[in-house]
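Following: one structure in structure tokens, then a few remarks.
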Amino acid sequence: LLALTVSINYNIIDYLPSEAGSTKSLKLMQEEFEEPIPNGLVMVTDLTLQESLAYKEKLKNIPGISSVMWLDDNINIKTPLEMADSSIVEEYYRYKNALFSITVSEGLEAEVANEIYGLIKDTDAVSGDFIDVVTQQSMARSESTRAMVILVPIIAIILILVTTSWFEPILFLGTIGIAVLINLGTNVFLGEISFITLAISPILQLAVSLDYAIFLLQSFNVNRQKTNDIYKAMSMAIKRSLPTILASASTTLFGFMALLFMDFRIGSDLGINLVKGIIFSFITVIVFLPAVTLFSYKWIDRTRHRRVIPSFENIGKAIFKFRLIIIILVAIILVPSFLAQQNNAFIYGIGSEVSESSRFGLDSIKINEVFGSNNPIVVLLPKGDRAREEMLSKELSKIPHVTSVIDYPTTVSAAIPPEFVNQEVTKKFYSANYARIILNTKTESEGEIAFTMVEKIQSIASQYYGESFHMLGKSVNLYDIKNAVESDTTKVNLIATLAIAAVILLTFRSISLPILLLLTIKTSIWVNLAIPYFTGNALCYIGFLVISTVQLGATIDYAILLTDHYMHSRRIMGKKEAVKQSLGETTGSIFTSGSILASAGFCLGLVSSDRIISEIGILLGRGTLISVLMVVLFLPALLFFLDKSIFLTTWKTNFFKGGKSLG
């Protein structure tokens with residue numbers, strides 16, 4: 001019930017660092033000016049000037065629209081248009097099409113969109129940031145639910161294939177499902193979560209923590225063979241499986257905790273939810289699952305079936321034959337993959353991939369065909385020197401891709417004091433302390449051209465006003481996001497790597513094993529992230545950063561599981577036999593866990609219309625499969641060839657050699 005009351009934030013800009021320039025600028029403009037930056041466009045076709053003015057009034061009267069800007073706000077339309085600046089006229093009126101810039105109040109986007117579509121004709125169009133919010137609102141909960149509806153049956157089928165009871169999958173999914181609901185409900189204490197967290201966190205929690213329930217129930221079944229007392233069998237199962245579950249949860253937990261250190265706070269929003277999710281899953285498996293299993297063990301017995309998936313007992317023999325070839329192949333792809341993933345092309349925005357066949361998609365195309373792309377940027381300046389404002393405006397108008405500059409000197413005149421002008425006009429350009437200049441630009445919201453333009457505006461403004469000016473707009477926001485997330489990369493990856501290395505170090509009491517295990521998973525991550533480079537696809541940078549941490553935290557468990565079995569087997573047999581036996585004992589579990597996590601990723605990728613959520617899903621699904629292959633193929637070869645180094649750098653190994661244990 002609490003989960004239904006949690007507010008969802010659809011504005012990614014809210015998660016920029018508080019010290020980011022655009023964050024400070026937005027706060028300042030909200031304090032100084034009544035009218036915010038327009039966040040929507042409405043194009044109405046086949047209108048005269050007078051009809052356009054009438055339409056403007058209709059738009060103004062829609063509840064939730066705080067302002068409407070059109071041609072009459074910038075020039076006197078009572079004079080012939082031929083005498084006006086054509087660049088300004090064509091921003092708002094072209095081929096008898098009127099383009100209105102509107103400002104929609106936050107929280108009322110959906111209601112406003114419905115009202116506008118009820119007002120305009122089918123040939124008219126609406127676009128802008130507020131439409132993106134409407135799209136995300138309609139998708140976020142429905143797509144997350146749809147992904148779960150698809151994923152849960154897939155997981156159930158996988159569990160049925162690898163277990164021996166029809167009832168066990170119900171226990172697994174029910175236990176972790178309860179943990180997911182508890183996690184979603186406790187978000188009420190955070191106030192709100194982002195739409196990205198809503199889409200990703202529940203699915204990732206389910207996929208990652210199912211292992212804990214599987215470990216416990218498998219141990220319970222084993223111990224039931226040793227005693228008829230089910231309570232004693234469960235007690236033994238908890239004692240035997242707790243270290244494994246704790247180690248698995250710890251590595252995942254520390255991997256996700258690294259997200260908390262991102263300056264771009266979308267990382268901490270997602271990280272807090274994933275960390276809470278792992279803790280709740282751990283507690284639920286250790287506390288709730290044993291109790292419900294003891295009540296329902298007869299159902300487990302009554303629904304027994306033969307294992308469908310054959311044993312992987314002999315897989316080690318087949319893989320061992322290719323150990324040298326595998327090492328050589330990985331060595332060949334390692335460096336190119338590392339370099340390629342560092343040179344990916346990135347995008348920094350987050351938005352819905354609206355189908356061009358949808359109304360929203362067609363509307364955006366219509367507006368761009370008539371008026372071109374519109375990307376306004378606002379510059380705030382200290383008030384008081386209109387001559388300097390005018391000089392700055394003229395310089396800014398010369399920047400490539402700036403199509404018009406709207407400010408007091410150009411709209412009214414630098415020579416006319418604001419006191420002699422209608423206050424409805426002056427308040428658009430002057431507050432108590434600041435002057436506002438609006439630049440209309442014809443660029444995409446991001447990319448090299450847009451970011452170069454932002455830097456050029458900053459450079460020119462600083463020549464006139466030093467550090468006392470402020471900038472805001474979509475391109476400025478994305479420019480700040482770019483700088484914020486790029487600075488997070490090294491820090492977040494380093495924290496995750498060191499934390500997981502510490503867990504592995506304490507688990508195996510070895511200096512070399514953390515290096516080998518991390519090399520295995522890091523190589524998987526590099527290969528995964530290198531694929532977009534070689535295919536020529538740009539990546540969402542936030543997805544790139546998040547997946548680096550999530551894939552590491554979620555799949556390092558596979559490497560730990562195989563290594564743990566190898567170290568135990570090595571005490572009673574030679575390295576060749578230990579490799580084969582550890583593969584036979586763990587491959588089934590690794591494939592099961594990996595297939596569940598990969599399914600979760602691909603479900604997210606295929607269901608979500610939001611680019612970053614979809615991309616994280618695809619990267620997670622593909623990365624999990626690569627990690628599984630690397631752990632099953634590459635890690636055993638490393639353990640075999642570096643067996644002596646492991647022995648020399650591990651405390652109390654007690655390795656078997658020549659009929660006795662060494663240690």
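Below is a table of values for the structure above.
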quantity: Qualifying residue in the range 532-544 (condition: surrounded by fewer than 22 Cβ atoms within 10 Å (Cβ to Cβ), farther than 30 Å from E585 by Cβ, among the hydroxyl-bearing types (S, T, Y) and at pLDDT 90 or above); calculated: yes
quantity: Matching residues in the range 418-446 - criterion: being in a helix (DSSP H, G or I) and either open to solvent by less than 30 Å² (accessible area, probe 1.4 Å) or closer than 13 Å to I377 by Cβ (or both); calculated: P418, T426, F429
quantity: Total residues in the range 217-246, condition surrounded by 20 or more Cβ atoms within 10 Å (Cβ to Cβ) and either under 36 Å from the mean Cα position of the chain (by Cα) or assigned to a loop (DSSP other than H, G, I, E, B) (or both); calculated: 4
quantity: Residue check, Y55 closer than 21 Å to N477 by Cβ, in contact with a Phe, Trp or Tyr (Cβ under 8 Å, 6 or more places away or on another chain) and among the aromatic types (F, W, Y); calculated: no
quantity: Qualifying positions in the range 67-93 - over 20 Å from V421 (Cβ atoms), loosely packed, with under 15 Cβ neighbours inside 10 Å and not aliphatic (A, V, I, L, M); calculated: P80, E82, S86, S87
quantity: Count of residues meeting criterion [surrounded by fewer than 18 Cβ atoms within 10 Å (Cβ to Cβ) and touching a residue at least 12 places away in the same chain (Cβ under 8 Å)] in the range 183-201; calculated: 6
quantity: Count of residues meeting criterion [assigned to a helix (DSSP H, G or I) and open to solvent by less than 90 Å² (accessible area, probe 1.4 Å)] in the range 447-467; calculated: 14
quantity: Per-region count, the range 385-406, residues in contact (Cβ under 8 Å) with a residue 24 or more places away in the chain, open to solvent by 10 Å² or more (accessible area, probe 1.4 Å) and either more than 39 Å from the chain's Cα centre (by Cα) or under 17 Å from H470 (Cα atoms) (or both); calculated: 7
quantity: Which numbered condition M471 fails, given (1) outside any helix (DSSP H, G or I); (2) of a type outside the set (D, E); (3) within 25 Å of the chain's Cα centre (by Cα); calculated: (3)
quantity: Selected residue (only one of G271, G267, G277 is without any contact (Cβ under 8 Å) to a residue 40 or more places away in the chain, crowded, with 17+ Cβ neighbours inside 10 Å and under 18 Å from the mean Cα position of the chain (by Cα)); calculated: G271
quantity: Elements of type helices (runs of 4 or more DSSP H) in the range 29-147, at least 3 residues being under 28 Å from V607 (Cβ atoms); calculated: 109-119
quantity: Test: residue in the range 184-192 that is farther than 30 Å from L362 by Cβ, assigned to a helix (DSSP H, G or I) and in contact with a Pro (Cβ under 7 Å, 6 or more places away or on another chain); calculated: yes
quantity: Residues of the range 121-131 classified as more than 12 Å from L41 (Cβ to Cβ) and touching a residue at least 60 places away in the same chain (Cβ under 8 Å), total; calculated: 2
quantity: Helices (runs of 4 or more DSSP H) completely within the range 357-417 that count 1 or more residues being touching a Lys or Arg at 6+ places or on another chain (Cβ under 8 Å); calculated: 359-371, 408-411
quantity: Condition met for V378 (closer than 18 Å to I37 by Cβ and touching a Gly at 6+ places or on another chain (Cβ under 7 Å)); calculated: yes
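The values are calculated or read from the model by the stated rules, or taken from the named source; none is laboratory data. Since the structure is predicted, the reported quantities are computational estimates derived from the model, not experimental observations. Here the Cβ is made from the backbone with ideal geometry for all residues, glycine too, and neighbour counts use every protein chain on show. Note: accessible area is taken over every heavy atom of the protein model, side chains too, but ligands, DNA and RNA are not part of it. Shrake-Rupley method; radii C 1.70, N 1.55, O 1.52, S 1.80 Å.
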